[in-house]
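Worksheet for the structure shown next.
The values are calculated or read from the model by the stated rules, or taken from the named source; none is laboratory data. Keep in mind the model is a prediction, meaning the values are calculated, not measured. Glycine gets a Cβ as well: all are built from the backbone with ideal geometry, and neighbour counts include every protein chain shown.
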Amino acid sequence: MAVLGAAVAVLAVVVVFNLLITFAVLRRLRSHEERLARGGGAGEPGAEMLGRSLPEFTATSTTGATVTNAGGSARLVGFFSATCAPCREQAVEFARHDDPNRLAIVLMEDAPAAEQEGILAALAGSPTIVTEPTSSVLATTMEVRSFPQLLQLDAAGVVVGARHSVRALATAGR
């Protein structure tokens, strides 16, 4: 009989512990839902970049020209990966965009030559294209975590828009 009493006591402790964990998880989920409802949650990837300045940089474009952000002209900056299928689709839209101050930064990684050529062909018509290896200083500094990543900068070089598509970025600014 003592063993049965001990088993019931252990079971009661396990049940109470389970209830406490369940209530803690529910409370956490509720606070997460509230944060998402206020717009402070996942949202569009890249939203954490809003309000940040593009760091000063100097790079060489595919045409051999020196590219820098000194002077801070408003521009559209696109981060693309040579191995990313959505990047190729967005690169075409990026190349067609009417902003003359576009800068495409392409991470070449260890992509096969065909993929490297494909992303560069998709970007044909973009005024400035910079290619970088996997360890892109700009992508790392701006904490670009997914591709494609498009940033709209104001005249001071501050990110005022961040999206994964040119169309979404254009409609967000209206």
Here, strands (runs of 3 or more DSSP E) confined to region 95-174 with at least 1 residues that are within 21 Å of Thr58 (Cα to Cα), without any contact (Cβ under 8 Å) to a residue 60 or more places away in the chain and in the same structural domain as Val77 (by TED's automatic domain parsing) are 102-107
Restricting region 55-66 to residues that are touching a helix residue (DSSP H, G or I) at 6+ places or on another chain (Cβ under 9 Å) and modelled with pLDDT under 90, the one nearest to His164 (Cα to Cα) turns out to be Pro55
Subset of region 131-164, residues more than 11 Å from the chain's Cα centre (by Cα) and either basic (Lys, Arg) or within 10 Å of Gly78 (Cα to Cα) (or both), comes to Gln152
Scanning region 54-94 residue by residue, those assigned to a strand (DSSP E or B) and under 15 Å from the mean Cα position of the chain (by Cα) turn out to be Leu76, Val77, Gly78, Phe79, Phe80, Ser81
Taking region 67-84 and keeping only residues that are modelled with pLDDT of 90 or more and surrounded by fewer than 14 Cβ atoms within 10 Å (Cβ to Cβ), one is left with none
